[in-house]
Amino acid sequence: EEHEVALVDALRAAAAALEGARVGGGDITRLDADVRRHENELRMTRLRAERGAARGPRDPLLDPAELRRAVGDATLVHFVAGGDRLAAVVVTATRSRLVDLGAAAAVTELIERQAASLRRMSRTASPRIAEAAAAALDDDSAELDALLLDPLRLAGDRPMIVVPVGLLHALAWAALPSLRRRPFLIAPSARMWLRSSAGTRPTNGVALLGGPGLTHASDELQELETVYAADASVVEPEASIGTAIDAFERHSLVHVAAHGEFRADNALFSTLRFADGPLNLFDIERLTSVPDVVVLAACDAGAAAHAGNELIGTSAALLRMGVRNVVAPTLEVSDEAAARLMTDFHRRLADGEVPTDALVAARTAAFDRAT
C-alpha cells in the first residue's frame, strides 16, 4: 500500500508538471512518458493485488428472500443481456419474474440518439436547434420507455431500483416518460444496493467543495451554505486534495462543484479536479470512511462507462466504497442548469426529504419549468 501511495503521488506530480509545462517539446515528451510509466506501474500493482484477492473466498450468492424483504414497497428491475437479447428480472416483496424484452439492437441505437440529442441541447446557443433536439430527445425517450419499461407492467408509482446492464448504463433514465415523476435510483448491482440499504449512519455535517475553472462554483456554494446554515461545516470554493479527502472521511454529505475527467482508456485514472491537482480513484479507494451522500454537480464528474456488465468510473468507485447515494450527471449537461437543479435538490434534502424523493421532486420541478 505504501508503494501504491508513492506511485499515486509521483503520478500526480508528473501530471501537474505536464499540465503546467512552459518548456520545449522534448521536455513535454519526457513528462508525458513519466505519466504513462507511473500509470502503467500503478495498473500492474492493482492487477497483482486483485489477483491475490481473487484467490480468497468468493462472496455468497444473493438470497432471493433477503432481497425481496429489502425491496419492501419498491420494485427492483435488474436488466440482463444474453447474446443480442435483453431481459429484466422484476423483484417485488412478494415475487420475482423474468420478462423478455427482445433484441438489443433497437435499444442501442435509441440510447446513442438520446445521448446525441442531449449533447446538442447542452452545446448549442440556438433556440431553434435546442428545441429540435429536445423534441428528438422526447421521441427517442418515449420509444425507449416502450421497449424497456412498458413490458414490465409495473404497478402504480411505487419507487424503483434500476440495475442496468452494458450500454443501459449510458441511458438518460430520468428522460423516460414513466420515470419523470416516479422516485427511482440507479444501482451498479443488486448486491451493492442491498449493502447500501442496510443500517443507518449518524449525521456529521455537510462539506461544500469547489474546484478551479467552474464558472458557477463559487455562487453555487454560497447559496448552498445559506441552505444548510450551521450544518455546512466546511465551505471551500477552491478546495485542495487534502481538504477533499478529509471532507469525504468526516462528513455525511459532500457536495463537489468541480470538473471531472473520465478516462475511458483506464477508469482508475478518472479524476475530480481540485485547486492543487486531480483527485483520482486510487485516492478514493484509500478512504477510511465515506459519506452517506455525495453530490458531483458538474458535467462529466459522474461520467462512467461499462466494461462487460460492470460499471466503472468515479460514481461507481464511491458506491463500491459504501456511499449510499451518489447524485451526478452521467451525460453532458450545462453547468448553469445543473446548479439550479442541485440547489432545489439540496433545499429539499435540508428540509428532511430522503435523497431519492428530493431528487425526483427537484427534477419534476425543473421539467415543469421547461415545459
Open item on the list: I'd like to compare 243-256, 130-143: which one has the highest average count of other Cβ atoms within 10 Å, and what's the full order after that?
Closed with: 243-256, 130-143
TODO: Provide the convex hull volume over Cα atoms per residue for segment 52-143, in Å³.
DONE: 183 Å³
Open item on the list: For the ranges 111-118, 87-94, what's the packing order if you count other beta-carbon atoms within 10 Å of each residue, average per peptide, and put the highest first?
Closed with: 111-118, 87-94
- [ ] May I ask you to give the average projected area over all directions of the convex hull of the Cα atoms of segment 223-264, in nm² rounded to one decimal?
- [x] 3.8 nm²
Task: Built amide H within the under 5 Å cut-off of N204, gap 5+ - done: S252, L253
Open item on the list: Among 346-355, 65-74, how do they line up by average Cβ neighbours within 10 Å per residue, starting with the highest?
Closed with: 346-355, 65-74
Task: Whole-Hz couplings from phi, Karplus 6.51/-1.76/1.60, listed for segment 63-80; x for Gly and Pro - done: 8, x, 5, 5, 5, 5, 4, 5, 5, x, 7, 8, 10, 9, 10, 9, 7, 9
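Each value in this text was obtained by applying a stated rule to the coordinates, not by laboratory testing. All values reported here derive from a predicted model rather than from experimental measurement. Cβ: placed from backbone, ideal geometry, glycine included. Neighbour counts: every protein chain shown.
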